[in-house]
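Inspection log for the structure reproduced underneath, given as structure tokens.
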């Protein structure tokens, strides 16, 4: 009522309509483009640096690893092989029975031996001596070298096993490093191997083509 006291105003606030909650999918945070580019740049630099180091010093590292220790000593390779003996040959139709242990007579599965031709094949396996303890290997080397030798004869010389007899000599092969270096030791190791192969070929001409 007027004059009976201060007037009091009453206000009523209507409640706001609540918005429905929307479920948002959980996704990984996007990678920062700048960090990604920096990482790619650093990796590219590392690859380029590794390639440059390999180009610049890779050859020297290979030579140091392949160079045999000490100087050439023919005695360390043993005496010269006697090619009139079966022990000096991997394959020799006159001295060794071409049985299942002869790698030169290997055939793939499903292939059988037919009639042999009349040709005589002389085969020299490539260098399989990768050790660095000497410049020339003995004719009966370590088991790993022997396994590699057998593998080469089986995979290469066996291509001629139906043409006739295959003659594959053992020889005091030069170490792998002798082919990468130029020097007196390398030359002597190569000459020793050549001398053995020449002697084996002479025996082949005497017996293999008779």
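The values are calculated or read from the model by the stated rules, or taken from the named source; none is laboratory data. What you see is a predicted model; the values in this text were computed from it and never measured. Please note: Cβ atoms are built from the backbone with ideal geometry, for glycine as well, and neighbour counts cover all protein chains shown.
Worth a mention:
- Selection status of residue 149, touching a strand residue (DSSP E or B) at 6+ places or on another chain (Cβ under 6 Å) and either touching a residue at least 40 places away in the same chain (Cβ under 8 Å) or in the same structural domain as residue 192 (by TED's automatic domain parsing) (or both): no
- Residue check for residue 184: assigned by TED's automatic domain parsing to the domain that holds residue 95, over 23 Å from the mean Cα position of the chain (by Cα) and surrounded by fewer than 18 Cβ atoms within 10 Å (Cβ to Cβ): yes
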